[in-house]
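Following: one structure in structure tokens, then a few remarks.
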Amino acid sequence: SEGVPLLCDFEMSRAKGMTSTSAAVGTADYIAPEVREAQPGEKIQPAADMFSFGVCLLFAFCNSSQYERDADNTLKKFTSPDVDENLVEIITDLLQRDPQKRPSAVEVARYAFLDPMTAYEKANERAEAAKKEEQRVERKAKEEAARLEREAKDNARKLRQQEADARRRIAEKEAASQDRIKEAREAVNKKKREVQEKAAQVKKEEESIQKREKDVNSDKAKVKSDREALKKKKTEIAAENKAMEKEQERIEKERRELAKIRSTKSVVPGYWASKNTATNTFKMVPIHFSPAKSSCWQVLERAMNTSNLHENRGRQPYDEIPTTYFRVAQAWRNENVAAWKAYNGMREKIISECNLLRKFKKNLTLVGRHDISLKRETDDLPGALESSVNEVYLVRCTSNDTLAKILTVGTNQRFCGVGSGSWFGLGSYFGESAKTSNFYADGNLDLKKGQFPELHKMLYSNEADHPNGVDKDPRAVHYMMLCRVIMGKFAKYRGEMTSQSSLNSDDGRPLYHKYARPREELNTISGVKPELHYHSLMAQKPPGTMGINAQNEIIMFHDEYVYPEYVIAYHRSSKKSNSLEFRRSQLESRRPPAAPNMRVREDVQILIAHVAIWEANCGVAGGFVRDYIINNDPCNDVDTLLLNGRDAYQVHAMLQNMASRHGGIRVSDVTGKGNTKKCVISSSSNCWVPIDVDLSDPTKMDGLSPAPGIDCNAGNLMFTQRGIVLKINVAGLPDVKTTIEHIKHKRFVYLQNFNDSKIYGSESGQSKCERRLMKYLERGWTCLTPVPNSIMSKDKFKKFKPLVKPEAKFTKDWWKLK
């Protein structure tokens, strides 16, 4: 046409009316396979042009190193991952060998490589698929972690049950063997008496025969028969003596079997890390931190902070220190095979002695939680205690220069009185509470001056393991032992300092044995044969003595009755260090916490929250406020709410600056998409569990949760520069003061509608409410709002019915408040 440029390929031109080419024409690399293979007169379809178009795209956007082609020029495969996936898609389809599989020109125009809208839709599909895969992997990881924790708890519980069952079976077998031995001995004694009676009778008959022989010489025939009868009886006696010897051999065999049964109790406990039973095996095994309440670390920390009636008082008036909380810095289990076997052997001896006391109807007072303050906490430690002989855990503090000796060779009462006096005799002194024994502990160990190298070598592989060995924590480190102690049958005394003539408060007899060195051995128990001594002394000073309140002290006069199982390195805290006011004051002050110990997880959590509140002008919420700030329970993460226009990357940069200032921690990159992102802060020396820092934007949470936007009042608190405030401040909701009191007593008001059928995300409102309600009930919290019977009648909720205690003032439609 005139004035319009046209593009022609003269190699493919034909005369008007022609239906096919007579031979393949055109540039070889661009010719479709069916064109080359076409027979004369065969019609060529438009798909051949689409093949040539695909070759044009291939040569235009790719170099020869990025793909491979077959001999017929069809595409074999792309060899480089650098080629755009939308380009790969269109070229792969255009270079199909089968013409029917190639797209038409109209279809090609809709490919993502040429159509931006299609490209945008495919990118969204890929992003959504990636997000779903990420959520699936994260959910799988959480389920696996929960499963592992459940398995660990189940294994620990099974181990304790197996140990208790084994001990019971051994005790039953031992009792049965003792009964058989007793019966056999009684039978032998009875038989022996019968034999002796028969022998005496034979002797009398022999004397009578001799007399008759002298008196009646004529009756020789009768004498002869009597002699034969006497010989027969002697033969019977010899046979009975032989049977008695066999019975004694059988009794001795059973005694040896009983000793073998008892020896099986000397095997090291199943919860020890080392299974080596060699006598010279000795190892201090570290106890690692875990936030789980059932973990050994948390049990030890609760035991350290057990309350009693006489805490906060020292030995003398000038020792009064306002200490109410101890923070565990390090802990070890003492796995000393020789000391354990000696202790275990003594425990078996005391079991036998206590059984003897019961036969003489001597009352063996069993200590309970009202007698020993530690007992209610140490029941959760691994390894069952032999309560029938008053085996308990007690604490002891001593000078640092003797601590290593006690751990390796045990206690030694011969050194008592050197540093702490001997108020109730020359024995080893133990306390029922860490808060009273604390005052007998030495101060900090100075690593730089080389103090007590033997102890440091035993406890720390290098200086960095010491709680303040790298000058990160100026607070003093003290040491305390948690010991297994067999109190057995204990004497009681209450009064001033004892003398050799002091009397037992129970029976009025002398407290100490009259033939032993003064105050070195307790008296015998009256009315018991053979004689048995009291195993221990429970003493109590009168109130006000030397400036202290009444308190129980346990004194042991034999080393083998004690096994120092745990060593705890701890920090002392001031009176307010464990209070809500103190923790709040740390975050309410613009000034950062003083000298945080980056090897202590709680110190790092407080530091993270302070940066989020005061440097980022954001808020912290969730378990950090509910569990740690208010209840002083461990928390797993720090939930940060992005306020005042802050975004996740700005807060992340401030956390990185914090890490560079203090050292000892690492901050990961920001992960996650959408409204919630997070980073992970971990210890450079891996000495505590990493802390998740969730970074959430509350302004983008609308519509993701049922009204009023929070599940219960216990989760409606956050900490900002204004202190503790409500996250959702709607008129009528429980206020801050009420909510804090509820949290302290583990109570909550559920705010959402249990019958909400609306879908939030991928979950219905009702399902979401049930899941959040279960979270609190499983923790033992009490619900103050009514829960529909349709929910409480479900199997998974039935066992929690006692925890639902509605109160009238909290029974309302909270979700309707605006």
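For this structure, a couple of remarks:
- Conditions (1) open to solvent by 20 Å² or more (accessible area, probe 1.4 Å); (2) of a type outside the set (Val, Ile, Thr); (3) under 30 Å from residue 583 (Cβ atoms); (4) under 35 Å from the mean Cα position of the chain (by Cα): number failed by residue 715: (1)
- Residue pairs meeting the criteria (Cβ under 8 Å; at least 6 apart or on separate chains; first over 15 Å from residue 612 (Cα atoms), in the stretch 677-697; second of a type in the set (Phe, Trp, Tyr)): 687/289; 688/289; 689/289
- For the stretch 792-801, taking the residues that are open to solvent by 30 Å² or more (accessible area, probe 1.4 Å) and not in a loop (DSSP other than H, G, I, E, B), the one that is farthest from residue 749 (Cα to Cα) is identified as 795.
- Output for the stretch 179-208, where each listed residue is touching a Leu at 6+ places or on another chain (Cβ under 7 Å) and over 17 Å from residue 241 (Cβ atoms): 205, 206
- Scanning the stretch 642-695 for residues that are more than 20 Å from residue 329 (Cα to Cα) and aromatic (Phe, Trp, Tyr) returns a single hit, 649.
- Here residue 139 meets the list (1) free of Cβ contacts under 8 Å to residues at least 12 places away in the same chain; (2) more than 23 Å from residue 67 (Cα to Cα); (3) surrounded by 11 or more Cβ atoms within 10 Å (Cβ to Cβ) almost entirely, failing just condition (3).
- Residue within the stretch 134-151 that is over 29 Å from residue 674 (Cα atoms) and assigned to a loop (DSSP other than H, G, I, E, B) present: no
- Close Cβ contacts (under 9 Å, 6 or more residues apart or on different chains) running from residues in the stretch 28-48 that are over 23 Å from residue 69 (Cα atoms) to residues that are open to solvent by 90 Å² or more (accessible area, probe 1.4 Å) and of a type in the set (Gly, Ala, Ser) comprise 40/22; 41/22.
For (1) closer than 30 Å to residue 629 by Cβ; (2) surrounded by 15 or more Cβ atoms within 10 Å (Cβ to Cβ); (3) among the β-branched types (Val, Ile, Thr), each residue gets a yes or a no:
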residue: 752; (1), (2), (3): yes, yes, no
residue: 755; (1), (2), (3): no, no, no
residue: 767; (1), (2), (3): no, no, no
residue: 773; (1), (2), (3): yes, yes, no
residue: 779; (1), (2), (3): yes, no, no
residue: 790; (1), (2), (3): no, no, no
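- When residue 528 is tested against the conditions (1) open to solvent by less than 10 Å² (accessible area, probe 1.4 Å); (2) β-branched (Val, Ile, Thr); (3) at pLDDT below 70, the lone failure is (3).
- With respect to (1) at pLDDT below 80; (2) of a type outside the set (A, V, I, L, M, F, W, C); (3) open to solvent by 50 Å² or more (accessible area, probe 1.4 Å), the lone exception for residue 306 is condition (3).
- In the stretch 28-50, the qualifying residues are those that are under 21 Å from residue 105 (Cα atoms) and in a loop (DSSP other than H, G, I, E, B), and the one that is least open to solvent (accessible area, probe 1.4 Å) is 32.
- Qualifying position, being over 29 Å from residue 460 (Cα atoms) and out of contact with any Leu (no Cβ under 9 Å at 6 or more places or on another chain), among 648, 653: 653
- Evaluated against (1) surrounded by 20 or more Cβ atoms within 10 Å (Cβ to Cβ); (2) in contact with a helix residue (DSSP H, G or I) (Cβ under 7 Å, 6 or more places away or on another chain); (3) at pLDDT below 55; (4) not aromatic (Phe, Trp, Tyr), residue 473 falls short on exactly one condition, (2).
- The set of residues in the stretch 420-463 being in a helix (DSSP H, G or I) and modelled with pLDDT under 55 consists of 463 alone.
- Checking each residue in the stretch 155-192 for being touching a Gly at 6+ places or on another chain (Cβ under 9 Å) and open to solvent by 90 Å² or more (accessible area, probe 1.4 Å) picks out 160, 162.
The values are calculated or read from the model by the stated rules, or taken from the named source; none is laboratory data. Everything quoted here is computed from the prediction, not taken from an experiment. Ideal geometry is used to build each Cβ from the backbone, glycine not excepted, and the neighbour counts take in all protein chains shown. Just so you know, the surface numbers come from the protein's heavy atoms only, side chains and all, with ligands and any DNA or RNA stripped out. Shrake-Rupley method; radii C 1.70, N 1.55, O 1.52, S 1.80 Å.
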